[in-house]
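First up is the structure itself, then whatever we jot down about it.
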Amino acid sequence: MQEDNITALTAAVRGSVITPASPEYESARKVYNAMIDRRPAIIVRCANVRDVRTAIDFAREQGLTVAVRGGGHNGAGLAVCDDGLVIDLSCMKSVRVDPATNTVRAESGCTQADINHAAGGFGLAVPVGVISTTGIAGLTLGGGTGYLTRKYGLALDNLLEADLVLADGSFMTASAKNNPDLFWAIRGGGGNFGVVTSFLFKAHPVPQVFAGPMLWDWEHAREVLEWYREISPNLPEDLYGFLAFLTVPPGPPFPEELHLKVMCGIVWAYSGPLDQAEAAFQPIRKFRAPRFELVGPMPYLTLQSLFDALYPPGHQWYWRGDFLNEIPDAAIDQHLKFGSQLPTLQSTMHLYPVDGFPARIDRSETAFSFRDAKWSMVIVGVDPEPANAAKITAWTKDYWAALHPYSMGGAYVNFMMEEGADRIKATYRDNYQRLVAVKGKYDPTNFFHVNQNIKPN
Ligand SMILES: Cc1cc2nc3c(=O)[nH]c(=O)nc-3n(C[C@H](O)[C@H](O)[C@H](O)COP(=O)(O)OP(=O)(O)OC[C@H]3O[C@@H](n4cnc5c(N)ncnc54)[C@H](O)[C@@H]3O)c2cc1C
């Protein structure tokens, strides 16, 4: 890259231009998953929409590959590329909450914590995921499942409008009224169509939740799974519980006798009226008493950040997922086999409920297709130590291969590594061809291809 071009780009943007010669280059190229080690030629840390347009125009003119970074949490590391240009949105974090309309306008560098800290000040919440450091951009464009999904839908079901910059540098707003085909596609189709610069979300009154984990000894894991698969879809929609296999961290709040034990847990979140929480938990209380529990009232933002410390950035990650609408006995056998062999302290398996509100939306209404699923399963190998990368990867792949035959055949796009075109097609099912057509209209040269790529015709 010619020095003059970099100088001109630097002068043209309000944010900063980072190259391998910049002191902050090593930290700026890192993403959440330390297994990803890519070296872009240029990182443009955008300050505003104009910077995004400038960066896109520059990359197009120079023939550079472009990666787009929201929160940088993507497991496959699709926020960074080798040799090309990264459009880094992480400094674009403005949030405006409108309590008159219960809406939140957020720039696309926001994390979940950024928007729900602001919304929480008005007793409001936007439905997002379970770790507050995750970026809202990648999360929403792929789906966005979390504690409020059964009651209020996926993050993308709460998207009212988005501003985008397209591959030709033009600016566009997508909503039900404006460019509805683009609006349809970005609700599940990821970053394939342009760079979203801001999102307008519907928010909901969720000042407090009654929530937290319950843990059972591993010897009862089969019984917990058999009970959970029946009860979870039959609970009222303001009661959500994701199931997890875990190794108990060796520290507070867990009692010493549980430290480092493999256990089966459910993290509950009740978002109805607090004075009715105990009554809502009655069906759960009828089941075997947990060995440990920490369920109680807390702000939604506290719940969302409950597990942040367990999963800081910079660890090795390898994950695989699938959607499920049943958990047959034979699948439980495999879960117990692999769950008892968690390879490291932070490795885990989660079943996130996606039934309830999302299922009432027709699967042709947004690009997100698996509205008939009951759970989104993710198997995650995690460890701080790079030497354990092969071990956690092998465990995840073997576990996934054993469970895949009992799945619906496709995965949540945000829980995929780079797994090939067939897996992407399986994610979108009968929405895939329509996505190809929209891609052909808005990004005919496949300029945005560092993503779970949908190729134009
Ligand atoms: C610890 C952890 C917990 C998670 N928990 C959940 C959960 O509870 N629920 C859930 O649904 N998911 C969850 N996820 C998955 C998460 O949704 C994805 O990793 C998602 O890609 C993160 O978005 P991001 O903006 O941080 O990602 P990035 O890595 O920045 O980007 C991801 C993809 O989106 C594209 N992209 C990013 N920003 C834009 C933009 N503004 N415009 C266009 N394209 C863009 C990127 O190019 C890339 O392809 C979790 C991930 C982690 C690591």
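Please give the calculated 222 nm ellipticity per residue for the chain, where each DSSP H segment of at least 4 residues contributes -39500 (n - 2.57) and the sum is spread over every residue; nearest 500 deg cm²/dmol?
The per-residue figure over the chain is -7500 deg cm²/dmol.
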K93 to T302: FRET efficiency via 1/(1 + (r/R0)^6), r the Cβ-Cβ distance, R0 22 Å, to the nearest 0.05? 0.60
With no solvent and one equal point scatterer per Cα, compute the Debye intensity ratio I(q)/I(0) for the stretch 131-212 at 0.13 Å⁻¹ and report its log10, rounded to two decimals. -0.42
Using only Cα atoms, locate the centre of the stretch 111-187 and the centre of the stretch 326-393, then give the distance between them in Å, rounded to an integer. 22 Å
Coordinate range along principal axes, alpha carbons of the stretch 11-88, Å, largest first: 33, 23, 21
Which length gain, in nm to one decimal place, applies between Y25 and F171 when the Cα-Cα distance is subtracted from 0.36 nm times their residue separation? 49.7 nm
Ordered by fewest other Cβ atoms within 10 Å, a rough proxy for footprinting exposure, L303, L274, L345 read L274, L345, L303
Using only alpha carbon positions, build the gyration tensor of the stretch 208-415, then give the equivalent ellipsoid semi-axes as the square roots of 5 times its eigenvalues, largest first, whole angstrom. 25, 23, 17
What FRET efficiency, computed as 1/(1 + (r/R0)^6) with R0 = 45 Å and r the Cβ-Cβ distance, is obtained for R60 and V262, rounded to the nearest 0.05? 0.30
Residue-count net charge about G63 - beta-carbon cut-off 14 Å; Lys, Arg +1, Asp, Glu -1: -2
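In the chain, which longest range has no trypsin sites (Lys or Arg not before Pro) that are both DSSP loop (not H, G, I, E or B) and surrounded by at most 13 other Cβ atoms within 10 Å? Don't jump to the answer; show the numbers that get you there.
Numbers: sites that count: R14, K177, K286, R288.
The segment 289-457 is the longest one with no such site.
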Alpha-carbon Debye profile of the chain, log10 I(q)/I(0) at 0.08, 0.11 Å⁻¹: -0.44, -0.85
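We did not get these values from a lab; they are worked out from the coordinates using the rules stated. Remember, it's a predicted structure, so these values are computed and weren't measured experimentally. Note that we place each Cβ from the backbone using ideal geometry, even for glycine, and neighbour counts take in every protein chain shown.
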